[in-house]
Ligand SMILES: [Cu+2]
Ligand SMILES: [Zn+2]
């Protein structure tokens with residue numbers, strides 16, 4: 001019995017030494033993690049290709065031969081927000097109201113259908129600008145005067161010129177509709193056909 005006990009003691013000593021060696025192993029693992037941070041950082045740098053710009057512009061034109069639409073949307077970065085100044089002229093729609101939205105794709109082809117649906121980076125319902133829920137490009141209804149002209153200014157922190165995908169307005173299409181946005185119908189506002197379009201580009 002006594003002999004067995006001593007053997008057991010010796011075993012424990014060996015284990016204790018092994019445990020001591022374990023400390024070195026831990027250091028090796030940490031060193032490996034350090035070396036992994038290299039490629040990881042490089043990956044973040046790749047994703048960080050989100051430069052921000054001070055100005056952007058979209059020139060609006062008609063999507064169909066029979067409807068004249070002209071206008072300019074100018075965007076300027078100011079105090080962490082972006083200010084839009086939009087001027088619009090649709091002579092055929094004088095004294096009436098048209099809806100304007102940012103659509104997802106910067107493509108005015110196929111009579112504006114190339115722009116696809118409303119740009120909706122925050123995954124909200126379509127709605128009235130400034131209400132509880134609305135898409136980040138739901139500019140909404142604009143009343144045209146007797147000559148079919150209108151202008152409007154909006155300032156918001158929901159937009160950036162370049163920058164994160166969730167706020168980047170570059171390469172979105174601004175669509176002018178023939179009808180009025182009811183701010184209710186999902187996901188379009190039932191705003192009618194697409195008569196005008198322009199793509200937002202950095203200046
Ligand atoms: Cu629209
Ligand atoms: Zn919308």
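The values are calculated or read from the model by the stated rules, or taken from the named source; none is laboratory data. On a predicted model such as this, the values are computed, not experimentally measured, just so you know. With ideal geometry, Cβ positions are generated from the backbone for all residues, glycine too; neighbour counts draw on all protein chains shown.
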Query raised in the report: How do the pairs read when you match residues in segment 89-117 that are within 12 Å of residue 199 (Cα to Cα) and in the same structural domain as residue 181 (by TED's automatic domain parsing) with residues anywhere that are in a loop (DSSP other than H, G, I, E, B) and away from ligand 2 (no atom under 16 Å from the Cβ), using Cβ under 6 Å and keeping only pairs 6 or more apart or on different chains?
Result: 106/171; 112/63; 114/107; 115/107
Report summary line: Per the filter on segment 151-182, residues within 16 Å of ligand 1 (Cβ to nearest atom) and in a strand (DSSP E or B) are 152, 154, 173, 174, 175, 176, 177
**Report entry** Subset of segment 183-203 that is more than 11 Å from ligand 1 (Cβ to nearest atom) and over 23 Å from residue 59 (Cβ atoms) - its residue that is surrounded by the most Cβ atoms within 10 Å (Cβ to Cβ)
**Finding:** 183
Query raised in the report: Looking at segment 90-118, which of its residues are part of a loop (DSSP other than H, G, I, E, B) and surrounded by fewer than 16 Cβ atoms within 10 Å (Cβ to Cβ)?
Result: 94, 95, 96, 109, 110, 111, 116, 117
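Matching residues to (1) within 14 Å of ligand 2 (Cβ to nearest atom); (2) free of Cβ contacts under 8 Å to residues at least 24 places away in the same chain; (3) assigned by TED's automatic domain parsing to the domain that holds residue 73; (4) out of contact with any strand residue (DSSP E or B) (no Cβ under 7 Å at 6 or more places or on another chain):
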{"position": "142", "(1), (2), (3), (4)": "no, no, yes, no"}
{"position": "147", "(1), (2), (3), (4)": "no, no, yes, yes"}
{"position": "154", "(1), (2), (3), (4)": "no, no, yes, no"}
{"position": "162", "(1), (2), (3), (4)": "no, no, yes, no"}
{"position": "172", "(1), (2), (3), (4)": "yes, no, yes, no"}
{"position": "175", "(1), (2), (3), (4)": "yes, no, yes, no"}
{"position": "195", "(1), (2), (3), (4)": "no, no, yes, no"}
Report summary line: Among 133, 123, 113, the single one that is out of contact with any helix residue (DSSP H, G or I) (no Cβ under 8 Å at 6 or more places or on another chain) and within 24 Å of residue 148 (Cα to Cα) is 113
Report summary line: Taking segment 189-203 and the residues there that are under 30 Å from residue 53 (Cα atoms) and not in a strand (DSSP E or B), the one that is modelled with the lowest pLDDT would be 203
